């Protein structure tokens with residue numbers, strides 16, 4: 001970077017660029033890629049690696065979720081079948097109980113409506 005600054009100053013000295021242009025060039029090289037100051041892969045390379053790793057990770061997660069859903073499907077279907085069967089059994093029990101209660105209720109109502117032959121064997125009106 002020192003060499004680049006010296007070259008820019010030489011261009012100003014030789015009159016090939018203006019001082020304003022030199023300032024712009026100096027500012028530009030001052031903010032040159034961070035990669036020049038670090039060892040190892042460049043920022044762009046690290047970003048490509050990160051992006052690839054993220055894609056691989058999410059692809060793997062997606063595959064695992066898909067596998068889990070596929071393996072859970074038969075279990076969910078079986079559980080649903082059991083719930084439906086038990087619900088049907090409970091509904092049948094409630095229906096039977098209601099029918100029995102309705103039958104008893106009708107029998108009681110008929111007893112109360114029909115005159116008793118034991119109390120009035122001659123079918124004469126009962127006096128109060």
*asked:* Given points 7 Å out from each Cα along the Cα-Cβ axis, report the residue 9 to residue 54 separation in nanometres with one decimal.
replied: 4.3 nm
*Separation between the residue 46 and residue 70 pseudo-spin-labels, each 7 Å from Cα along Cα→Cβ, expressed in nm?*
3.9 nm
*Find how many whole Å separate the alpha carbon centroid of region 81-104 from the alpha carbon centroid of region 6-32.*
93 Å
_If you split all Cα-Cα distances of region 42-121 into 10 Å bins from zero, what percentages do you get per bin, shortest first?_
14, 15, 13, 13, 11, 9, 8, 7, 5, 3, 2, 0
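Every number here is computed from the coordinates shown, using simple stated rules; none is lab data. All values derive from a computational prediction rather than experimental measurement. With ideal geometry, Cβ positions are generated from the backbone for all residues, glycine too; neighbour counts draw on all protein chains shown.
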